1. Considering the chain, what Rg and Dmax in Å follow from its alpha-carbon atoms?
2. Given the options V271, P176, N306, identify the residue whose Cα lies farthest towards the positive end of the charge dipole of the chain (+1 on Cβ of Lys, Arg; -1 on Cβ of Asp, Glu).
3. Need one number: nm distance between label points at W70 and A103, each 7 Å from Cα along Cα→Cβ, rounded to one decimal.
4. Suppose R0 equals 41 Å. What FRET efficiency, 1/(1 + (r/R0)^6) with r the Cβ-Cβ distance, do L309 and K157 give to the nearest 0.05?
5. For the chain, which DSSP H helices look membrane-span-like by this rule: Cα extent along the axis of 20 Å or more and mean Kyte-Doolittle of at least -1.0?
6. Where the accessible area of the chain is counted over protein heavy atoms with a 1.4 Å probe, how much of it, in %, is carbon and sulfur?
7. Under the rule of -39500 (n - 2.57) per DSSP H run of 4 or more residues, summed and divided by the residues of the chain, what mean residue ellipticity at 222 nm is obtained, to the nearest 500 deg cm²/dmol?
8. What percent does the relative contact order of region 97-220 come to when contacts are Cα pairs within less than 8 Å and at least six residues apart?
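The values are calculated or read from the model by the stated rules, or taken from the named source; none is laboratory data. Source: prediction; values computed, not measured. Cβ: placed from backbone, ideal geometry, glycine included. Neighbour counts: every protein chain shown. Please note that ligands, DNA and RNA were not included when accessible areas were found on the heavy atoms of the full protein model with its side chains. Shrake-Rupley method; radii C 1.70, N 1.55, O 1.52, S 1.80 Å.
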Amino acid sequence: MSQTTAVIGAHDPGDAVAAPPGSEFAPLLRTVKGRGLLERRYAWYARCIAANALALGGIVTGIVLIGDSWLTLLLAPLLAVFGARTAFIGHDAGHSQIAGGKAVNRVIGLIHGNLLLGMSYSWWNDKHNRHHANPNHIDKDPDVVADILVFTGKQAKDRSGFRRWLTRNQAWLFFPLTLLEGIALKVHGFQDLRRQPRRERAVEGALLVSHVVAYATLLLISMSPGKALAFAALHQALFGLHLGLAFAPNHKGMEMPDPNGERWGHLRRQVLTSRNIRGAVLTDWFLGGLNYQIEHHLFPSMPRPNLRLAQPLVRAHCQDVGIPYVETELVDSYRRALRHLHEVGEPLRME
C-alpha cells in the first residue's frame, strides 16, 4: 500500500489503522483516538447480542407453536430481518469491533455466522478483508470481480452467451438476483472448506452442517414438507434481499481506482470509493451501521455505535483536505448504483 496502511490481514480483519505522521489520514486518526472512538463498547454489544438472541428465540418458538399452518409463513420475514441482524453481528466480530481478543471475536463470529446462519465466518472474513484493503479495485477487490454482474466496460466486452444477456439487463436483474443470495452464501461457505486448514475446516464444517440439520429439523417437525419448503424459500429469499439492500448502496457507482494509475493513500482509497446513507436510528438499525460506510472503511475496528459519532470529524477533515465526501438518501443510493450497472451494460444493448 501507499503512505497509509490499513492493517487488515486475512485472519485479522478488524485491527486498527496505522498511519505515518505525514499522511493525510494521520491527523484524523489522532483526533478519533483522542475522542476514544476506537475503544470497545462491551455493554452495547452485550445488549445487542442478547436482544437479537431473544428475538430469534421468540420467532423459533412461534414457528413451533403455530405449527402446520400457512400462518407460520408470516414469521419468515421476521426471521429474515433478524437473520440480517445476526449477520451484522458476525460482520462486526470479523472486524474485531466487539471484543479486544481475536479468539472471542472468532467464537462470536462462528456462532452468528456458521451456526445461526449457515454462512462460513472464515470464508466471509477472507473475502471481506480483501475488499476492505482495496475497495472497488478491479484487480484486487473480490466484490467487483466479473461474475454474475460486471462493473466496468472492459468486463462487459468480454461477456458472451447467457452472461452477455445478464450484463445487458443487470440493472433490472440486480434486486431479483439478491433473492438467491441467502442460498449462495451457504454454498460458498461449504465450497470454501477445501481452502481452510484442517482444524479450522473441522470446526467450521461441523457448525455449517449443524445449522442445516437444525434448520431442516425445525421446519419439518413444525409443518408439512410443502409448507416447510415454502417457508424456507420465502425466508432465504427475503434474507438475501435484505443483505442486498444493506450492501448495494456502499460502493457501486463510486470511484474505481485505475490499476495502472497513481496509488492512493488510505484516506483517499477508502473515502473516494465509499458512499454514506443519511438517516436516523431506524436507518442505522436496518443497515446495521453500514450506512456509515466511509467511517467504517477508514476505521474497520471502530465499534458500530461510534461510527455516528465519528462522522462529523471525518466529514470536516475531508473538507479540510479537499476530498469529496459523498452522502445521499437511501433510495437515491439505489438509483445511483443501478444507474452505474445500467451504464456498464449499455454498449451491449446498442448492438
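1. Reported Rg and Dmax, both Å: 20.6, 65.
2. N306
3. Between W70 and A103, the simple spin-label model gives 5.3 nm.
4. Details: r = 45 Å, r/R0 = 1.09.
With a Förster radius of 41 Å, E is 0.35.
5. On the way: long enough: 42-66 (36 Å, 1.51); 75-94 (28 Å, 1.00); 198-222 (36 Å, 0.79); 225-247 (33 Å, 1.10); 304-321 (26 Å, -0.44); 330-349 (29 Å, -0.68).
Span-like helices here: 42-66, 75-94, 198-222, 225-247, 304-321, 330-349.
6. Carbon and sulfur together cover 64 percent of it.
7. Details: 16 runs with 214 residues, N = 351.
Value at 222 nm, helices only: -19500 deg cm²/dmol.
8. Details: 89 pairs, mean separation 40.6, N = 124.
The value is 33 percent.
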